[in-house]
Structures are given as C-alpha cells and as structure tokens.
1. What number of residues within segment 167-176 satisfy the criterion of being out of contact with any Leu (no Cβ under 7 Å at 6 or more places or on another chain) and outside any loop (DSSP other than H, G, I, E, B)?
2. Regarding residue 383, is this residue more than 18 Å from residue 220 (Cβ to Cβ), in a strand (DSSP E or B) and not polar (S, T, N, Q)?
3. Which residue is surrounded by the most Cβ atoms within 10 Å (Cβ to Cβ), if the candidates are limited to segment 323-344 and must be in contact with a helix residue (DSSP H, G or I) (Cβ under 7 Å, 6 or more places away or on another chain) and farther than 20 Å from residue 217 by Cα?
4. Among the numbered criteria (1) of a type in the set (S, T, N, Q); (2) outside the structural domain of residue 333 (by TED's automatic domain parsing); (3) crowded, with 21+ Cβ neighbours inside 10 Å, which one does residue 196 miss?
5. Looking at 211, 182, 187, can you tell me which residue is surrounded by 19 or more Cβ atoms within 10 Å (Cβ to Cβ), under 26 Å from residue 256 (Cβ atoms) and not hydrophobic (A, V, I, L, M, F, W, C)?
6. Collect the residues in segment 380-413 that are among the small types (Gly, Ala, Ser) and over 16 Å from the mean Cα position of the chain (by Cα), keeping them in residue-number order.
7. Mind listing whichever residues of segment 380-401 are touching a Gly at 6+ places or on another chain (Cβ under 8 Å) and buried (at least 24 other Cβ atoms within 10 Å of the Cβ)?
8. Any residue in segment 376-389 that is in the same structural domain as residue 307 (by TED's automatic domain parsing) sitting within a Cβ distance under 6 Å of a residue that is surrounded by fewer than 24 Cβ atoms within 10 Å (Cβ to Cβ) and among the polar types (S, T, N, Q)? List the pairs, counting only those 6 or more apart or interchain.
Amino acid sequence: MSQIHQRASLPGCPSCEEPLESGDLFCGACGYDLSAVPAPPGDRPTVAITVPAQGVAAPAAAPVEWPAASETDSSDLAAPTHRPADLPGVDSGGRPLSAPSPAAVRHDVPDGAAGERGGAAGDFELAAPDPRTVEHATAGGAASAKLCVACRSGRVDPDGYCENCGHAQPRERDHMEQELGSVAAVSDRGLRHHRNEDAFAVSCTGLPDGSPAVVAVVCDGVSSASRPDEASAAAASAANEALLESLPRGTHPQQAMHEAILAASEAVNALAQDSGQALEHDQHRHENAPACTLVGAIAAGGLLVVGWVGDSRVYWVPEDRTNPPARLTEDDSWAAQMVATGLMNEAEAYADERAHAITGWLGADAYELEPHTASFKPDRPGMVVVCTDGLWNYAEAAAEMAAALPHDAYERPLHGAQVLVGHALDGGGHDNVTVALLPFAVVPAGAGSA
C-alpha cells in the first residue's frame, strides 16, 4: 500500500510531545509511529460535480411497489429517480439560496465484529487484524499473542504495553478492515491524527422478493467536537441497523436511507444527552456536542441510492473505464455553498481558510437536520466509492478517483479499498482515511423489485 515515509528530525512526539531519542521508531508514551511523519500537505481540493446529485425530501410513506427509475442518458450515470421537493432555503435544483451564516458552520480542524448480516466498525471488534502489529497463533490455534510493533519480540500485555521494551502499542481502531460478500471497507488513522475518528458499516440483507441488498455507511467524526470517535461509531451502527430492519420489510431504499440518517442523528444526539450536554426544550445548543458526518449507499433491486449529511462523498466508477466516472453527492460545506450561490468561484472558495468548514452534520448542535438522498438506475456495472475527505482530498475529481481505483477492484473490493487508503497515505495522510467499495451489478430486465 503506502510507501515508507522518512522520519523528520523531531524534538518531541508530534502526538503527545514526549521527548524523543535519536533512532526512535515509536513514541514510548503513546505508541505514535515516528517513521511516518510527512511534510504538511500542499494540496487544496476543488469542486468538480460531474452528475447533478441533489438533496431530496424522503417520500411520505414507504411504497409497497418501488417506482420505476428514469432511463439513463448515454453520457451520464443515470437520472435521479426523484427530483428535489420544496426544501427551505434551496432553489428548485436543491442549491442554497443564500450564503451560510457563521452560526451554521462547523469547523472540522484536525489535531496533531460483524455477524453474517454485517455491522459497524468503530469501537467494535475488527474483522481483520491491525497490520501495525504482528500476531503468532498459539499451539492450540484458538488464540493469538500480539508482539510489540517496536521491538518485534516482546509480548503485549492487556494494558497495551510491551512487556519487553515498554512501548505503548497502536490502538486497535487505528486500522480496520472488513469484507462481507461483495462489499468491503478499510479505515486508517492516517499519519498525522493521534486517533481514528472515522467509522464504517457494511452489510448484506435480502428484499421481500429474495433479491439482495448491499449497504455501505461511512462516518467522519468532527475533530473540533467532543468525542468525535464515539459519534462516528454510533452513527454508523445506528444507520446500518435501521437499514437492516427496513429493507427486508420492502421499504423503498430511498425512504430507508432517509430514515437511517434520522436514526443515526438520534444516536449521536443521545451521546450529548448522556453527558449532560443537551439542554431542555432545545432553547440553547451546546457548542461542542459530539458530531460527525455520514454518507451511505444502497444497491438493491437495480437501484443505487445514496444519502448524506456533511462533506463525505460517493463516487461512481464504471467497470468499463471508457465510460466517464461521476460524483454523486454535493458537500455540505462553506466552499460548496459559496460556489453554488455565485459569491465566489471555485478557486477563490477553496483558497479560503474556511473552505472545509461544514454546514451540515449530525449532532445535538446541528441547527437543522436536512438529510440528502438521491436514487439512480445505472445501465452498466461499476464500483460505488463511499469515502471521507481523508481520501477525496487526494482524489477530488471523479476522474482522479477513477485513476486511483485499481482496475481489478470490481473483483477484489477489499484490495481496491486498501489501495485507495494507501493512495491517501502516500499523498500525505493528514486526516483519517476511510473508504467502502460496493460493486454494482446491473439487474436483468424483469428481475428485482424495480
């Protein structure tokens, strides 16, 4: 995956500021990997929306029979099966009518086990081991003993420290991988964060007609908020569970996605309530309540449904690379709204220090929750890339994302996700990196629920 980054000369650990000695590969206090300290990234993403993907209101009730999707255009991925309804503060195309107020902007400032049906990866059991550790099976084969990542010989005690050299070991959540059938996801702490505040969930279930439904949800904790890692884990788990309950009942996937985002929002709000941060009657909002973004995708019955709040994204990459890729979501961000309202061009907006301030998120201090959903009917197989900005910062345009995705990802989605995470780490890895890959197969005419 990623190449080895040469360690810079550091007076102290970039994570905890513990004094370092010459030749240290890991911080003895917190376990920070000192071999991977890159120079600050110089890239600034730009907006390139190749396919309109507008926020829409969810249907009033779950339909018994799914409406037929619009036919795809030969030059586009697909036409959305639902058009934007009347939403406060947006025009008929789903774009904001005015610039966001400073009170409606949240700054995400970076600091220094699933069952058969699938599940969330956050503060939960991993489906694959952390590659930063070395494991040797015991004679019985039923258990394993971790070896220290620093000295490679001492065993790691239950508190996470090497019994030989005393180095603290990386957290289990620093790197997570999961593959479930055709869907796979990888999440990594990155090279500059002291912890991984992203989370994901992948799952498979069945529709009432017996056809499969595949789900991928990715959440990015807001670093400037309290407990962002808990927020992302709670949101991913809640959204996944909501989808696993509603899709088998025959709920339209777009309605199911809308309800899942609401469930995720309630789960994040509950974290603030648990810690006493939520105030009665919503008269005031805590400025630092747990918060995260969410993006998800469902492949079911010939439809591809996406939903999001925040600046995590979904991309479409056709299996036949002679066809154009597309980005299927629009960011809830300051820069995106500046461009949409015509107040700035892309270069001006993304050169501004406020460019990555998000204007939509899940959390008790979100001024108004507006889940965005869109439904597509692709006419060809392809790969759905669901990711946080830790990846798309290094592959912003759809063409860049397609170039970074290996050609065999459709057959090897876990490998493809590993390669994309490596692409971000090679580019600087200044944020947590999470990506889920969901291969989409075209449903033959007359099959499925659509």
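The values are calculated or read from the model by the stated rules, or taken from the named source; none is laboratory data. Values in this document were obtained by computation on a predicted structure and should not be read as measured data. Because the Cβ atoms are built from the backbone with ideal geometry, glycine has one as well, and the counts that use them run over all protein chains shown.
1. Counting residues in segment 167-176 that are out of contact with any Leu (no Cβ under 7 Å at 6 or more places or on another chain) and outside any loop (DSSP other than H, G, I, E, B) gives 4.
2. When the stated conditions are applied, residue 383 passes them.
3. If we take residues in segment 323-344 being in contact with a helix residue (DSSP H, G or I) (Cβ under 7 Å, 6 or more places away or on another chain) and farther than 20 Å from residue 217 by Cα, then 335 is surrounded by the most Cβ atoms within 10 Å (Cβ to Cβ).
4. With (1) of a type in the set (S, T, N, Q); (2) outside the structural domain of residue 333 (by TED's automatic domain parsing); (3) crowded, with 21+ Cβ neighbours inside 10 Å applied to residue 196, the lone miss is (2).
5. It is 187.
6. Of everything in segment 380-413, those that are among the small types (Gly, Ala, Ser) and over 16 Å from the mean Cα position of the chain (by Cα) turn out to be 382, 397, 398, 399, 402, 403, 404, 409.
7. Listed by number, the residues that qualify are 386, 390, 394.
8. 379/72
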